[in-house]
C-alpha cells in the first residue's frame, strides 16, 4: 500500500506538543494525531483543532522519548494512508509487509514489546496489528522451545509436549536478564 | 519486558491478531500461556465445530478445522522431523503409528485397496449429536470429529 504525499507543509497552528515520561517535548502535527485514537479524542475533547484555543502540552506518562520518536517515525510514514480497517485476519496465516515496515520493526523483541505497549496506550491500530503480525511471523514454524526464547516465556511445563523429555529451565530467561536491552532509557530520578 | 507481563486486555488484543495455528503452537510454551489462550480466545476456539485429520502419507498429517459456516480456522500440515519422537495418539484404541503402518502396509498390497480398505463409518453420540467418522479411500485416510 502506498500513497502520494501532498506538498502542503503543516502550519504552526496545527501542531500540539506532547511530553514523554522523561520530560522531552515533541511537536506533533494534528494530521499525524488522527492515526492515534487516544490523541484524536483528546484533541477533539479539548478542541485543540481550533486556532483560538490555547494548546497545553499533553503529558504521555507511559511513553518514553525513544518510544515516542519511533512512533512519530511511524505516524509520518503513514501520514497519508487511508484509515486503518481491521480485516478478518483471524484465519489468515500468510501475510506480507512493506520493506519499510520490515526495516522499521527489525528491532529486538524487548523493544518491540515496549513499542506494542506504546501503540496500545496511544491506540494506533495499524501499528498494533502490524507488530502482532510480525510477532506471529517470528514464531511461525518454530518449536515450543524456540518460541519460548523468542517471546521470553519461562516454562512451567515439566516435560516437552512432543517428546515427553524433561525440559531444563533456562536461567538466562529470568526477569533480571532481560533488562539489558531496552529501547527506553532509564527513568529519571525522582 | 516479558510477553506474559502485558496486561490481560493487551494480551487479548494480541491474541486476536494471531491465527488459530499460531495460538496452538503458542499454547505449548507454558501452562499459563495455554490457560490464557483458552480463557481469552474461548469464543474462537468454541467456534470450531469440525476437525478433519487426514493422514496423507507416511509422515504427513493434515489437520483442517472448520467452523459452522465451513470457514477454515485451522489449516495445518504437520511433517514430523523425527518420527521416533512423536507421542502416539489414541484413536479408537489405535495409535497414530499403527494407523499409518496399516494404511501404508495394506495399500502396497493392491488386492486390498478396493476391497477391505474402502469404507466410510460414523460414530454419533445420541444425547448431543457429537460424533466422528472414518473414511478410508485408496489414497487417503480421513478421521473427522465434530461437536454438537
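Placing a label point 7 Å from the Cα of residue B:63 along the Cα-to-Cβ direction, the residues of the range B:2-26 whose backbone N falls under 13 Å of that point are B:20-26. With neighbours defined as other Cβ atoms within 10 Å of a residue's Cβ, the residues A:36, A:21 order from fewest to most as A:21, A:36. Within 10 Å of the Cβ of each residue in A:123-132, the mean number of Cβ atoms contributed by other protein chains is 2.
Sorting A:153, B:14 from the fewest to the most surrounding beta carbons within 10 angstrom yields A:153, B:14.
The label point for residue B:9 and the one for residue A:38, both projected 7 Å from the Cα toward the Cβ, are 1.1 nm apart. From least to most packed, judged by other beta carbons within 10 angstrom and beginning with the fewest, B:64, B:26 follow the order B:64, B:26. Projecting label points 7 angstrom from Cα along Cα→Cβ for residue A:14 and residue A:45 puts them 2.5 nm apart.
Other protein chain C-beta atoms within 10 Å of residue C-beta, averaged over A:103-111: 1. Binning the C-alpha pair distances of the range A:11-90 at 10 Å intervals from 0 yields a P(r) profile of 17, 48, 28, 6, 1 %, listed from the shortest bin outward.
Only the coordinates and a few stated rules stand behind these numbers; no lab work does. Since the structure is predicted, the reported quantities are computational estimates derived from the model, not experimental observations. Every residue, glycine as well, gets a Cβ built from its backbone with ideal geometry; the counts of neighbours run over all protein chains shown.
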